[in-house]
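The values are calculated or read from the model by the stated rules, or taken from the named source; none is laboratory data. Keep in mind it's a predicted model, so treat the numbers as computed, not measured. Glycine gets a Cβ as well: all are built from the backbone with ideal geometry, and neighbour counts include every protein chain shown. All accessible areas refer to the heavy atoms of the entire protein, side chains included, with ligands and DNA or RNA removed. Shrake-Rupley method; radii C 1.70, N 1.55, O 1.52, S 1.80 Å.
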Amino acid sequence: MFYSVPSPRTVAAVALLLLSTAAAAQQQRRPIALREALQLAAKQGPDVAAARAQAAITRVGVERAYTAWKPDLSATGTYDHTSAPQVFDPAALGLPPTVPKLTIVGTNSRYGTLQLNQPLLTPQGLFQPGIAKSFAEAADRTADDAREQVLLSVARTYLSLQGLEGLIGAARDAERVALHREDDARAQIAAGTAVEINLLRAQSDTANARAQMASLTGQRESLLPLLEALVGEPVAPLVGPGGDEWLGQPATEAAQPWEQTFAVRSARAQVSGADKSVTYDNFLWLPSVSGTARGNYNSNEGFTGTNTSYDLILSVSVPLYDRGVRYAQKHEDEAKLQQAMASLASTRARAKSNWEGARANLIAALAVLEQAEAQARVARRAQQQIDVSARAGVATSLDLQVADQQLFQAQSAAAQARANVGVSRAEVAAAEGRLFSGLQK
(Lines give C-alpha, C1' and ligand atoms only; values in the text may rest on other atoms or scores of the structure.)
Protein backbone atom coordinates (compact mmCIF):
# COMPACT_ATOMS: atom_id res chain seq x y z
CA MET A 1 0.00 0.00 0.00
CA PHE A 2 1.31 3.45 -0.92
CA TYR A 3 0.71 6.69 0.93
CA SER A 4 1.08 10.13 -0.59
CA VAL A 5 3.36 12.57 1.23
CA PRO A 6 1.64 15.93 1.89
CA SER A 7 3.20 18.88 0.17
CA PRO A 8 4.71 21.79 2.15
CA ARG A 9 1.75 23.94 1.11
CA THR A 10 -0.69 21.40 2.60
CA VAL A 11 1.27 21.26 5.84
CA ALA A 12 1.39 25.05 5.99
CA ALA A 13 -2.36 25.34 5.38
CA VAL A 14 -3.23 22.80 8.08
CA ALA A 15 -0.80 24.36 10.55
CA LEU A 16 -2.14 27.85 9.82
CA LEU A 17 -5.74 26.69 10.34
CA LEU A 18 -4.91 25.00 13.63
CA LEU A 19 -2.88 27.93 14.90
CA SER A 20 -5.58 30.46 14.00
CA THR A 21 -8.22 28.34 15.74
CA ALA A 22 -6.03 28.02 18.82
CA ALA A 23 -5.33 31.75 18.83
CA ALA A 24 -9.06 32.53 18.72
CA ALA A 25 -9.69 30.19 21.65
CA GLN A 26 -6.70 31.59 23.53
CA GLN A 27 -8.14 35.11 23.40
CA GLN A 28 -11.13 33.92 25.48
CA ARG A 29 -8.88 32.80 28.37
CA ARG A 30 -7.47 35.19 30.92
CA PRO A 31 -3.68 34.91 31.32
CA ILE A 32 -2.74 34.60 35.00
CA ALA A 33 0.36 33.83 37.03
CA LEU A 34 0.96 30.45 38.64
CA ARG A 35 0.28 31.78 42.14
CA GLU A 36 -3.08 33.22 41.09
CA ALA A 37 -4.03 29.96 39.36
CA LEU A 38 -3.32 28.04 42.56
CA GLN A 39 -5.25 30.55 44.66
CA LEU A 40 -8.27 30.27 42.38
CA ALA A 41 -8.14 26.47 42.48
CA ALA A 42 -7.96 26.51 46.30
CA LYS A 43 -10.85 28.96 46.49
CA GLN A 44 -13.30 27.75 43.85
CA GLY A 45 -11.97 24.51 42.37
CA PRO A 46 -14.80 21.92 42.19
CA ASP A 47 -12.57 19.10 43.45
CA VAL A 48 -11.52 21.15 46.47
CA ALA A 49 -15.16 22.03 47.20
CA ALA A 50 -16.12 18.34 47.08
CA ALA A 51 -13.36 17.43 49.55
CA ARG A 52 -14.43 20.23 51.90
CA ALA A 53 -18.06 19.09 51.76
CA GLN A 54 -17.03 15.57 52.74
CA ALA A 55 -15.06 16.90 55.71
CA ALA A 56 -18.04 19.03 56.77
CA ILE A 57 -20.19 15.90 56.96
CA THR A 58 -17.70 14.29 59.34
CA ARG A 59 -17.45 17.44 61.47
CA VAL A 60 -21.18 17.25 62.20
CA GLY A 61 -20.25 14.24 64.37
CA VAL A 62 -18.79 16.68 66.95
CA GLU A 63 -22.14 18.43 67.27
CA ARG A 64 -23.89 15.09 67.55
CA ALA A 65 -21.51 13.96 70.31
CA TYR A 66 -22.38 16.98 72.47
CA THR A 67 -26.08 16.09 72.35
CA ALA A 68 -25.33 13.57 75.13
CA TRP A 69 -25.29 16.54 77.55
CA LYS A 70 -28.32 18.36 76.17
CA PRO A 71 -31.78 18.08 77.76
CA ASP A 72 -34.72 16.24 76.28
CA LEU A 73 -37.99 18.16 76.44
CA SER A 74 -41.25 16.55 75.36
CA ALA A 75 -44.99 17.21 75.70
CA THR A 76 -47.83 14.72 75.27
CA GLY A 77 -51.61 15.11 75.28
CA THR A 78 -54.41 12.52 75.31
CA TYR A 79 -58.19 12.69 74.91
CA ASP A 80 -60.09 9.61 76.09
CA HIS A 81 -63.82 8.87 75.62
CA THR A 82 -64.88 5.75 77.50
CA SER A 83 -68.18 3.90 77.83
CA ALA A 84 -67.34 2.82 81.38
CA PRO A 85 -66.67 5.89 83.49
CA GLN A 86 -65.55 5.37 87.08
CA VAL A 87 -67.25 7.42 89.82
CA PHE A 88 -66.85 7.07 93.59
CA ASP A 89 -70.25 7.42 95.26
CA PRO A 90 -70.03 7.90 99.09
CA ALA A 91 -73.76 7.12 99.48
CA ALA A 92 -73.13 3.55 98.36
CA LEU A 93 -70.90 3.12 101.42
CA GLY A 94 -73.51 4.62 103.77
CA LEU A 95 -71.74 7.93 104.11
CA PRO A 96 -73.73 11.15 104.63
CA PRO A 97 -75.08 12.62 101.41
CA THR A 98 -73.13 15.78 102.08
CA VAL A 99 -69.98 14.03 100.78
CA PRO A 100 -69.84 14.74 97.04
CA LYS A 101 -69.27 12.14 94.38
CA LEU A 102 -65.73 11.84 93.01
CA THR A 103 -65.06 11.21 89.32
CA ILE A 104 -62.11 8.87 88.97
CA VAL A 105 -62.40 8.34 85.19
CA GLY A 106 -64.87 10.52 83.39
CA THR A 107 -66.70 9.76 80.21
CA ASN A 108 -64.52 12.31 78.45
CA SER A 109 -61.07 12.71 79.99
CA ARG A 110 -58.07 14.82 79.03
CA TYR A 111 -54.51 14.07 80.08
CA GLY A 112 -51.35 16.10 79.48
CA THR A 113 -47.67 15.69 80.37
CA LEU A 114 -44.69 18.04 80.04
CA GLN A 115 -41.37 16.27 80.74
CA LEU A 116 -37.79 17.54 80.93
CA ASN A 117 -34.94 15.03 81.13
CA GLN A 118 -31.43 16.34 81.82
CA PRO A 119 -28.39 13.98 81.72
CA LEU A 120 -26.12 14.62 84.71
CA LEU A 121 -23.45 11.98 84.16
CA THR A 122 -22.94 9.80 81.10
CA PRO A 123 -19.86 8.04 79.63
CA GLN A 124 -20.93 9.11 76.15
CA GLY A 125 -20.89 12.76 77.16
CA LEU A 126 -17.48 12.41 78.79
CA PHE A 127 -15.62 10.70 75.94
CA GLN A 128 -17.55 10.93 72.67
CA PRO A 129 -16.87 14.65 71.98
CA GLY A 130 -13.11 14.09 72.13
CA ILE A 131 -13.37 11.08 69.84
CA ALA A 132 -15.51 13.02 67.36
CA LYS A 133 -13.06 15.95 67.38
CA SER A 134 -10.14 13.67 66.52
CA PHE A 135 -11.97 12.08 63.61
CA ALA A 136 -13.17 15.51 62.43
CA GLU A 137 -9.55 16.68 62.53
CA ALA A 138 -8.58 13.65 60.44
CA ALA A 139 -11.32 14.47 57.92
CA ASP A 140 -10.18 18.10 57.71
CA ARG A 141 -6.58 17.06 57.09
CA THR A 142 -7.75 14.57 54.46
CA ALA A 143 -9.58 17.42 52.72
CA ASP A 144 -6.41 19.52 52.97
CA ASP A 145 -4.42 16.69 51.41
CA ALA A 146 -6.96 16.48 48.57
CA ARG A 147 -6.59 20.24 48.09
CA GLU A 148 -2.80 19.86 48.05
CA GLN A 149 -3.03 17.21 45.34
CA VAL A 150 -5.39 19.40 43.29
CA LEU A 151 -2.95 22.31 43.58
CA LEU A 152 -0.13 20.01 42.51
CA SER A 153 -2.15 19.00 39.45
CA VAL A 154 -2.75 22.68 38.69
CA ALA A 155 0.97 23.41 38.96
CA ARG A 156 1.87 20.47 36.74
CA THR A 157 -0.68 21.46 34.11
CA TYR A 158 0.25 25.14 34.25
CA LEU A 159 3.99 24.52 33.99
CA SER A 160 3.50 21.91 31.27
CA LEU A 161 1.61 24.54 29.29
CA GLN A 162 4.46 26.99 29.82
CA GLY A 163 6.88 24.31 28.62
CA LEU A 164 4.76 23.80 25.52
CA GLU A 165 4.84 27.54 24.90
CA GLY A 166 8.62 27.36 25.02
CA LEU A 167 8.61 24.47 22.55
CA ILE A 168 6.24 26.36 20.28
CA GLY A 169 8.55 29.37 20.49
CA ALA A 170 11.50 27.20 19.47
CA ALA A 171 9.46 25.84 16.55
CA ARG A 172 8.60 29.41 15.51
CA ASP A 173 12.29 30.30 15.55
CA ALA A 174 13.02 27.23 13.42
CA GLU A 175 10.29 28.24 10.99
CA ARG A 176 11.61 31.79 10.77
CA VAL A 177 15.16 30.58 10.09
CA ALA A 178 13.91 28.05 7.52
CA LEU A 179 11.88 30.73 5.70
CA HIS A 180 14.95 32.97 5.66
CA ARG A 181 16.95 30.11 4.15
CA GLU A 182 14.24 29.65 1.52
CA ASP A 183 14.60 33.27 0.49
CA ASP A 184 18.39 32.95 0.34
CA ALA A 185 18.15 29.73 -1.69
CA ARG A 186 15.78 31.33 -4.20
CA ALA A 187 18.10 34.31 -4.58
CA GLN A 188 21.11 32.04 -5.06
CA ILE A 189 19.26 29.87 -7.60
CA ALA A 190 18.27 32.99 -9.51
CA ALA A 191 21.90 34.10 -9.49
CA GLY A 192 23.04 30.67 -10.63
CA THR A 193 25.20 30.02 -7.54
CA ALA A 194 23.05 27.27 -5.99
CA VAL A 195 20.97 24.29 -6.99
CA GLU A 196 17.38 23.41 -6.21
CA ILE A 197 18.37 20.94 -3.45
CA ASN A 198 19.15 23.89 -1.16
CA LEU A 199 15.62 25.22 -1.59
CA LEU A 200 14.11 21.77 -1.04
CA ARG A 201 16.03 21.35 2.21
CA ALA A 202 14.85 24.73 3.43
CA GLN A 203 11.24 23.95 2.47
CA SER A 204 11.47 20.60 4.24
CA ASP A 205 12.70 22.30 7.41
CA THR A 206 9.87 24.84 7.15
CA ALA A 207 7.32 22.06 6.83
CA ASN A 208 8.83 20.19 9.76
CA ALA A 209 8.76 23.32 11.92
CA ARG A 210 5.13 23.97 11.06
CA ALA A 211 4.24 20.36 11.73
CA GLN A 212 5.94 20.65 15.13
CA MET A 213 3.99 23.84 15.84
CA ALA A 214 0.70 22.17 14.89
CA SER A 215 1.43 19.14 17.09
CA LEU A 216 2.49 21.25 20.06
CA THR A 217 -0.50 23.56 19.66
CA GLY A 218 -2.80 20.53 19.72
CA GLN A 219 -1.19 19.38 22.97
CA ARG A 220 -1.61 22.85 24.45
CA GLU A 221 -5.28 23.01 23.48
CA SER A 222 -5.88 19.64 25.13
CA LEU A 223 -4.32 20.80 28.42
CA LEU A 224 -6.10 24.16 28.64
CA PRO A 225 -9.55 22.61 29.38
CA LEU A 226 -7.93 20.52 32.13
CA LEU A 227 -6.50 23.68 33.69
CA GLU A 228 -9.93 25.31 33.44
CA ALA A 229 -11.58 22.34 35.16
CA LEU A 230 -9.07 22.45 38.01
CA VAL A 231 -9.16 26.23 38.48
CA GLY A 232 -12.88 26.72 37.93
CA GLU A 233 -12.74 29.34 35.15
CA PRO A 234 -11.14 29.75 31.71
CA VAL A 235 -7.54 30.82 32.26
CA ALA A 236 -4.19 30.47 30.52
CA PRO A 237 -0.59 30.65 31.75
CA LEU A 238 1.47 33.76 31.25
CA VAL A 239 3.82 33.72 28.28
CA GLY A 240 7.42 33.01 29.20
CA PRO A 241 9.08 30.86 31.84
CA GLY A 242 9.18 31.60 35.54
CA GLY A 243 6.58 32.25 38.19
CA ASP A 244 7.55 29.32 40.41
CA GLU A 245 10.37 30.92 42.41
CA TRP A 246 8.12 31.48 45.43
CA LEU A 247 7.88 27.71 45.88
CA GLY A 248 11.26 27.88 47.62
CA GLN A 249 13.92 25.27 48.22
CA PRO A 250 13.67 21.84 49.87
CA ALA A 251 14.06 21.57 53.63
CA THR A 252 16.78 19.50 55.25
CA GLU A 253 16.20 15.88 56.17
CA ALA A 254 16.86 16.68 59.85
CA ALA A 255 13.70 18.84 59.86
CA GLN A 256 11.58 15.83 58.80
CA PRO A 257 9.38 17.96 56.51
CA TRP A 258 7.29 14.96 55.46
CA GLU A 259 5.75 15.00 58.94
CA GLN A 260 3.97 18.23 57.98
CA THR A 261 2.15 16.70 55.04
CA PHE A 262 -1.60 16.57 55.47
CA ALA A 263 -1.70 12.83 54.82
CA VAL A 264 0.57 12.15 57.83
CA ARG A 265 -1.33 14.63 59.99
CA SER A 266 -4.61 12.97 59.06
CA ALA A 267 -3.19 9.55 59.93
CA ARG A 268 -2.02 10.88 63.32
CA ALA A 269 -5.51 12.23 64.03
CA GLN A 270 -6.97 8.84 63.10
CA VAL A 271 -4.67 7.16 65.64
CA SER A 272 -5.71 9.70 68.28
CA GLY A 273 -9.40 9.05 67.63
CA ALA A 274 -8.93 5.28 67.75
CA ASP A 275 -6.97 5.54 71.00
CA LYS A 276 -9.71 7.67 72.58
CA SER A 277 -12.28 5.09 71.48
CA VAL A 278 -10.41 2.38 73.40
CA THR A 279 -10.25 4.65 76.46
CA TYR A 280 -14.01 5.19 76.18
CA ASP A 281 -14.56 1.43 76.07
CA ASN A 282 -12.57 1.05 79.29
CA PHE A 283 -14.92 3.42 81.13
CA LEU A 284 -18.24 2.09 79.92
CA TRP A 285 -18.81 0.66 83.42
CA LEU A 286 -19.55 4.19 84.68
CA PRO A 287 -23.16 4.75 85.73
CA SER A 288 -25.49 7.09 83.88
CA VAL A 289 -27.27 9.65 86.02
CA SER A 290 -30.14 11.82 84.84
CA GLY A 291 -32.75 14.09 86.39
CA THR A 292 -36.33 14.28 85.21
CA ALA A 293 -38.94 16.97 85.89
CA ARG A 294 -42.46 16.03 84.81
CA GLY A 295 -45.64 18.09 85.00
CA ASN A 296 -49.02 16.32 84.75
CA TYR A 297 -52.54 17.45 83.91
CA ASN A 298 -55.67 15.31 84.48
CA SER A 299 -59.16 16.58 83.80
CA ASN A 300 -60.40 14.24 86.57
CA GLU A 301 -59.47 15.55 90.01
CA GLY A 302 -60.10 12.23 91.73
CA PHE A 303 -58.94 11.92 95.32
CA THR A 304 -56.14 14.49 94.86
CA GLY A 305 -58.50 17.41 94.55
CA THR A 306 -56.41 19.03 91.81
CA ASN A 307 -56.00 18.76 88.05
CA THR A 308 -52.23 19.34 88.02
CA SER A 309 -49.25 17.70 89.66
CA TYR A 310 -45.50 17.34 89.16
CA ASP A 311 -42.78 14.75 89.74
CA LEU A 312 -39.04 15.20 90.31
CA ILE A 313 -37.10 12.02 89.51
CA LEU A 314 -33.43 11.14 89.85
CA SER A 315 -32.44 8.07 87.80
CA VAL A 316 -29.25 6.05 88.11
CA SER A 317 -28.41 3.29 85.61
CA VAL A 318 -25.45 0.99 86.35
CA PRO A 319 -24.41 -1.33 83.49
CA LEU A 320 -23.68 -4.77 84.90
CA TYR A 321 -23.63 -7.06 81.90
CA ASP A 322 -24.95 -6.38 78.40
CA ARG A 323 -24.49 -9.84 76.82
CA GLY A 324 -20.83 -9.04 76.15
CA VAL A 325 -21.52 -6.22 73.68
CA ARG A 326 -19.28 -3.83 75.62
CA TYR A 327 -16.31 -6.20 75.53
CA ALA A 328 -16.80 -7.01 71.87
CA GLN A 329 -16.82 -3.29 71.10
CA LYS A 330 -13.60 -2.84 73.06
CA HIS A 331 -11.86 -5.64 71.15
CA GLU A 332 -13.02 -4.17 67.84
CA ASP A 333 -11.76 -0.69 68.78
CA GLU A 334 -8.41 -2.15 69.88
CA ALA A 335 -8.07 -3.80 66.47
CA LYS A 336 -8.97 -0.50 64.77
CA LEU A 337 -6.29 1.23 66.85
CA GLN A 338 -3.68 -1.25 65.65
CA GLN A 339 -4.87 -0.73 62.08
CA ALA A 340 -4.62 3.06 62.47
CA MET A 341 -1.10 2.80 63.88
CA ALA A 342 -0.02 0.56 60.98
CA SER A 343 -1.63 2.98 58.52
CA LEU A 344 0.25 5.88 60.15
CA ALA A 345 3.57 4.05 59.81
CA SER A 346 2.81 3.27 56.16
CA THR A 347 1.70 6.82 55.40
CA ARG A 348 4.79 8.27 57.11
CA ALA A 349 7.13 5.97 55.16
CA ARG A 350 5.37 6.80 51.88
CA ALA A 351 5.50 10.53 52.62
CA LYS A 352 9.22 10.34 53.36
CA SER A 353 9.80 8.37 50.16
CA ASN A 354 7.83 10.95 48.15
CA TRP A 355 9.86 13.78 49.67
CA GLU A 356 13.18 12.08 48.97
CA GLY A 357 12.14 11.34 45.39
CA ALA A 358 10.86 14.88 44.79
CA ARG A 359 14.02 16.40 46.26
CA ALA A 360 16.25 14.17 44.10
CA ASN A 361 14.20 15.00 41.01
CA LEU A 362 14.56 18.72 41.71
CA ILE A 363 18.33 18.48 42.07
CA ALA A 364 18.55 16.47 38.85
CA ALA A 365 16.19 18.84 37.02
CA LEU A 366 18.30 21.86 38.04
CA ALA A 367 21.43 20.15 36.73
CA VAL A 368 19.68 19.24 33.47
CA LEU A 369 18.42 22.82 33.10
CA GLU A 370 21.89 24.24 33.55
CA GLN A 371 23.30 21.93 30.89
CA ALA A 372 20.37 22.50 28.53
CA GLU A 373 20.70 26.27 28.73
CA ALA A 374 24.46 26.00 28.14
CA GLN A 375 23.86 23.77 25.11
CA ALA A 376 21.25 26.20 23.79
CA ARG A 377 23.75 29.09 24.03
CA VAL A 378 26.43 27.03 22.26
CA ALA A 379 23.99 25.90 19.57
CA ARG A 380 22.89 29.50 18.91
CA ARG A 381 26.46 30.72 18.55
CA ALA A 382 27.27 27.77 16.26
CA GLN A 383 24.20 28.46 14.14
CA GLN A 384 25.11 32.13 13.81
CA GLN A 385 28.69 31.30 12.82
CA ILE A 386 27.63 28.72 10.24
CA ASP A 387 25.10 31.19 8.84
CA VAL A 388 27.89 33.74 8.38
CA SER A 389 30.12 31.04 6.85
CA ALA A 390 27.35 30.02 4.46
CA ARG A 391 26.97 33.60 3.28
CA ALA A 392 30.72 33.69 2.73
CA GLY A 393 30.49 30.49 0.69
CA VAL A 394 32.55 28.28 3.02
CA ALA A 395 29.58 26.31 4.43
CA THR A 396 26.92 24.31 2.61
CA SER A 397 23.18 24.31 3.00
CA LEU A 398 23.51 20.91 4.67
CA ASP A 399 25.67 22.52 7.36
CA LEU A 400 23.00 25.14 7.84
CA GLN A 401 20.29 22.51 8.14
CA VAL A 402 22.22 20.57 10.77
CA ALA A 403 22.95 23.74 12.74
CA ASP A 404 19.30 24.81 12.62
CA GLN A 405 18.12 21.38 13.78
CA GLN A 406 20.63 21.35 16.62
CA LEU A 407 19.53 24.81 17.72
CA PHE A 408 15.86 23.77 17.68
CA GLN A 409 16.61 20.64 19.69
CA ALA A 410 18.69 22.61 22.21
CA GLN A 411 16.01 25.29 22.63
CA SER A 412 13.33 22.63 22.99
CA ALA A 413 15.38 20.77 25.60
CA ALA A 414 15.92 23.98 27.55
CA ALA A 415 12.21 24.83 27.50
CA GLN A 416 11.32 21.34 28.65
CA ALA A 417 13.99 21.46 31.36
CA ARG A 418 12.63 24.76 32.69
CA ALA A 419 9.14 23.26 32.93
CA ASN A 420 10.53 20.17 34.68
CA VAL A 421 12.29 22.35 37.28
CA GLY A 422 9.03 24.15 38.03
CA VAL A 423 7.10 20.89 38.35
CA SER A 424 9.81 19.46 40.61
CA ARG A 425 9.64 22.54 42.85
CA ALA A 426 5.87 22.11 43.13
CA GLU A 427 6.27 18.41 43.94
CA VAL A 428 8.76 19.21 46.70
CA ALA A 429 6.40 21.82 48.15
CA ALA A 430 3.54 19.32 48.12
CA ALA A 431 5.77 16.63 49.66
CA GLU A 432 6.52 19.05 52.51
CA GLY A 433 2.87 20.08 52.96
CA ARG A 434 3.49 23.75 52.13
CA LEU A 435 2.10 24.15 48.63
CA PHE A 436 -1.10 25.81 49.88
CA SER A 437 0.50 27.57 52.86
CA GLY A 438 3.02 29.17 50.50
CA LEU A 439 0.15 30.97 48.77
CA GLN A 440 -0.67 32.83 51.97
CA LYS A 441 2.75 34.49 52.24
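The table below lists the values:
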{"quantity": "Choice from Glu301, Glu245, Glu332 showing the highest fluctuation, given a GNM over the chain with Cα pairs closer than 10 Å", "calculated": "Glu301"}
{"quantity": "Mean ellipticity per residue at 222 nm, deg cm²/dmol - from DSSP H runs of n ≥ 4 across the chain, formula -39500 (n - 2.57)", "calculated": "-23000 deg cm²/dmol"}
{"quantity": "Size of electric dipole in the chain: Cβ of Lys, Arg +1 and of Asp, Glu -1, about Cα centre, debye, nearest 20", "calculated": "200"}
{"quantity": "Cα centroid separation, region 86-127 to region 309-348 (Å)", "calculated": "40"}
{"quantity": "Region 167-207, accessible area per residue, ligands and nucleic acids excluded (1.4 Å, Å²)", "calculated": "50"}
{"quantity": "Under 5 Å, built H, 5+ apart or other chain: amide partners of Val235", "calculated": "Arg30, Glu228"}
{"quantity": "Listed pairs Lys43/Lys133; Lys70/Lys336; Lys70/Lys330; Lys70/Lys133; Lys133/Lys352; Lys276/Lys336 exceeding 22 Å between Cα atoms", "calculated": "Lys43/Lys133; Lys70/Lys336; Lys70/Lys330; Lys133/Lys352"}
{"quantity": "Helix 397-431 vs. the chain, principal-axis angle (Cα, 0 to 90°, nearest 10)", "calculated": "20"}
{"quantity": "Three-way shape call for region 217-274 based on the alpha-carbon gyration tensor, with the a/c threshold at 1.5", "calculated": "oblate"}
{"quantity": "Residue with peak Gaussian network fluctuation, the chain [Cα springs, cutoff 10 Å], from Ser412, Ser315, Ser290", "calculated": "Ser315"}
{"quantity": "Normalised contact order of the chain, rounded percent, pairs of Cα under 8 Å and 6 or more residues apart", "calculated": "24"}
{"quantity": "Heavy-atom accessible surface of the chain: percent carbon and sulfur, 1.4 Å", "calculated": "57"}
{"quantity": "Probe 1.4 Å, protein heavy atoms only - accessible area per residue of region 258-390 in square angstrom", "calculated": "61"}
{"quantity": "Peptides 42-52, 203-213, 71-81 ordered by average Cβ neighbours within 10 Å, highest first", "calculated": "203-213, 42-52, 71-81"}
{"quantity": "Gaussian network model of the chain, springs between alpha carbon atoms under 10 Å - residue of Val235, Val316, Val325 with greatest fluctuation", "calculated": "Val325"}
{"quantity": "Normalised contact order of region 160-212, rounded percent, pairs of Cα under 8 Å and 6 or more residues apart", "calculated": "45"}
{"quantity": "Dipole of region 169-254, positive direction: furthest Cα of Leu179, Met213, Ala190, with charges on the beta-carbon", "calculated": "Ala190"}
{"quantity": "Probe 1.4 Å - accessible area at Trp69, Å² to nearest ten", "calculated": "80"}
{"quantity": "Entry for Rg and Dmax of the Cα atoms in Å (calculated from the structure that is shown) out of (i) 23.5, 71; (ii) 21.4, 70; (iii) 40.1, 152", "calculated": "(iii)"}
{"quantity": "On Cα atoms only, tilt of 8-26 relative to the major axis of the chain in degrees", "calculated": "30"}
{"quantity": "Summed side-chain charge close to Gly163 - residues other than Gly163 whose Cβ falls under 13 Å, Lys, Arg +1, Asp, Glu -1", "calculated": "+1"}
{"quantity": "Selection from Ser153, Val402, Gly169, by position along the positive dipole direction of the chain (Cβ)", "calculated": "Gly169"}
